[in-house]
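The structure appears right after this line, and notes come after that.
The values are calculated or read from the model by the stated rules, or taken from the named source; none is laboratory data. This structure is a prediction, so every number in the text was calculated from the model and none was measured. Cβ coordinates were reconstructed from backbone atoms using ideal geometry, including for glycine residues, and neighbour counts include every protein chain displayed. Only protein heavy atoms, including side chains, enter the accessible area calculation; ligands, DNA and RNA are left aside. Shrake-Rupley method; radii C 1.70, N 1.55, O 1.52, S 1.80 Å.
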Amino acid sequence: MMNPLPMVAAEFRQHLASSLGILVLLAFACSGTVAVSLAERGLRQAGVAGSRDTDLVVGAAGSQINLVLASGFLQQLEPLPLVDVAILERLQHDPRVAALSPLVFADSWQGLPIVGIGPDFPAIKPTLRLADGQWPAADFELVAGADAGLAIGQRIHGSHGEGEAARAAGQAADHDSHAETAYTVVGILAPQRSPWDRALYTPHTGIWELHHHEGESHNQGVSAILVKPAGFAQAYQLKAEYAGSGSTAGSRQQQQQQQ
């Protein structure tokens, strides 16, 4: 039987440049496929880390996708409409609710969102563990995500706005800051490898007070409400009820489908 290797070698030497080019293209194609696969896996893992705690999210009437992105990944396609405070108060007194925390997106610091939260937030998001310090116990106390670059005791001033516009202007001279009110860092979160590493958390009542003091009474609302139902059946009842007129609701399953 004839050995084909000498013929292959001769062909390779005759067309050396084109053969090397094909090999290089094949190498790039393989490495690109591997890189995309690894990147997709990383994004999925980050998505799971960011949304695995949340059973139900209630928001104002609008896009469920935008609600899920904001509450699960701290990303917004557009600013969320505010939820009527009456809905928050109704949920607070609903026996089907085991715990809840409002989320308020209104301000930022150097492009990082300052997220207003409620007292039950640590119970709603138990995967967000403290590496140092404590959760805020008073208005204008703040817990910083692991990637925020802040230290306990540091004081910062928030700025109006959040999202892409705030991130783009994060390092610029800030003419629209809350200069008279400073937040004090009282805790630092352990790394999560999720978008929650790049955010700052403070009682939502302080954000309300700050904006009300500056004459923005329309900010007396919440962007979303994280809800922990008392049980499986209660979760479906609440989702059905608050997915109706005047509000929308998203579940953990919907958050995972966005990944």
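Could you check, for the stretch 189-210, whether at least one of its residues is at pLDDT below 90, open to solvent by less than 40 Å² (accessible area, probe 1.4 Å) and not in a loop (DSSP other than H, G, I, E, B)? Yes.
Beta carbons closer than 9 Å, at least 6 apart along the sequence or on distinct chains, pair a first residue in the stretch 125-154 that is within 21 Å of ILE225 (Cβ to Cβ) with a second that is in a strand (DSSP E or B) and open to solvent by 50 Å² or more (accessible area, probe 1.4 Å) for VAL143/LEU130. Looking at the structure I just gave you, is LEU128 touching a Ser or Thr at 6+ places or on another chain (Cβ under 7 Å) and under 17 Å from PRO195 (Cβ atoms)? No: the conditions fail for LEU128.
Tell me, which helices (runs of 4 or more DSSP H) lie completely within the stretch 1-118 with 2 or more residues that are open to solvent by 60 Å² or more (accessible area, probe 1.4 Å), at pLDDT below 85 and not polar (S, T, N, Q)?
By residue number, 5-14, 16-51.
Scanning the stretch 217-259 for residues that are open to solvent by 10 Å² or more (accessible area, probe 1.4 Å), at pLDDT 90 or above and not in a helix (DSSP H, G or I) yields LYS228, PRO229, ALA230, GLY231.
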